[in-house]
Amino acid sequence: MSPFLSAQVDTGEGNFAQKQILWLVISSGAFFGASMIDWRFFRRTLAVTGVFAVAVFLLLALLVAGSVFKGAQSWFDLGAFAFQPTDFAKLSLIFILAKYFARRHVEIAHMKHIIITALYALIILILIFIQPDFGGAIIIALIWLGMVLVSGISKKHLLAIFIIGIAFSMFFWNFGFKDYQKQRIISFLNPLADIRGAGYNAYQSTVAVGSGELLGKGIGLGSQSKLKFLPEYRTDFIFAAYAEEWGFLGVLLIFSLYGVVVWRVLTLALKGETNFEILYGLGLSIFFISHFVVHVGINIGLLPVTGITLPFMSYGGSHLLFEYLALGILVGMKKYARATHKETDRNEILDVYGHSDLYKE
């Protein structure tokens, strides 16, 4: 969706539209390539743990060889392009949680399974947080929480998670958050207190969204973005730039398009052959919903400002590549969906007693 947005084009700083179109072509190729693969090998524990291990390794490597960009050591600079492994880490977490809950969903009432999956998420969350990438850490937490909820969880365990979450928040506030991150949260609670400092981004974003009114100012006529009052208008605040140019009707259009994407993802997920495919699709929908809700919430002043891209729209190649790749994997799973349900159910039952190698560990 992003190539047609005028905010992507700025001849004074390079042709961002051409670069994004190139990434769109590459990502589309990844989508179609992934859709042709039989992904049933990911039901094996060795496969998903291998992907998870690679994600953790890349995040650890960032601490040594990562490039610092705007205060965050989140990128590998490969010369011609930069690669952000955080997006791959999110996909790996969806895989390993889908695998775990697919085999143990009937035992989800036991707190130990909540703790074990929380440890998977916590490993990635901490490695992303110390970059520091507060936005990425939030998405990891939401993916884990969402997949725990759809897998089934008792109310008392949900309350325990809420209490633990508060405790972790207090810990991070005192020992983890940087001063500028604390200022963003404080400015969120009182955005007009420092509109020239910590509250500047949030204030300019809400001004841009509001100035779009019903029909918008027109493509290429957004003053907040073109005059660069609005920071990071190609990435973290692209929704505000879009709303300024397209107006309320354009916002309704984009909401509808994202609704269609999530609906299609859920439709494919519910046609999954086994619980693994179903949970993967549900995790993917949680990923898209989390990114969309948090990004829009930040842009309209409902959430503290942090770096969150808007799927398919924000400028950048690595996140676009993994979004298309994740969708391609889901489409690939559709090829063997439902048609062999009865046989699979029989194999799953046999596997419990050790008579099937469908889910070799």
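Net charge in the neighbourhood of Gly250 (other residues with Cβ under 13 Å of its Cβ; Lys, Arg +1, Asp, Glu -1) is -2.
By the scheme Lys and Arg +1, Asp and Glu -1, what is the net charge of all other residues having a beta-carbon under 14 Å from that of Ser290? Taking every Cβ under 14 Å from that of Ser290, the sum is -1. Peptides 247-256, 117-126, 281-290, 159-168 ordered by packing proxy, namely the average of other Cβ atoms within 10 Å per residue, highest first: 281-290, 117-126, 247-256, 159-168.
With a ≥ b ≥ c taken as the square roots of the eigenvalues of the C-alpha gyration tensor of region 253-334, please select rounded if a/c is under 1.5 and otherwise prolate if a/b is larger than b/c or oblate if it is not?
Numbers: a/c = 2.21, a/b = 1.83, b/c = 1.21.
Here region 253-334 falls in the prolate category.
Here's the picture: charge each Lys and Arg Cβ at +1 and each Asp and Glu Cβ at -1 in region 12-86, and of Phe42, Val56, Gln18 the one pushed furthest to the positive end of that dipole is Phe42. Ordering 297-307, 31-41 by mean Cβ neighbour count within 10 Å, with the highest value first, yields 297-307, 31-41. The label-point distance for Thr206 and Ala167, in a model that sets each label 7 Å from Cα toward Cβ, rounds to 3.5 nm.
All of the numbers you see were taken from the coordinates with simple rules; none came from a lab. On a predicted model such as this, the values are computed, not experimentally measured, just so you know. Here Cβ is always computed from backbone atoms with ideal geometry, including for glycine, and neighbour counts include all displayed protein chains.
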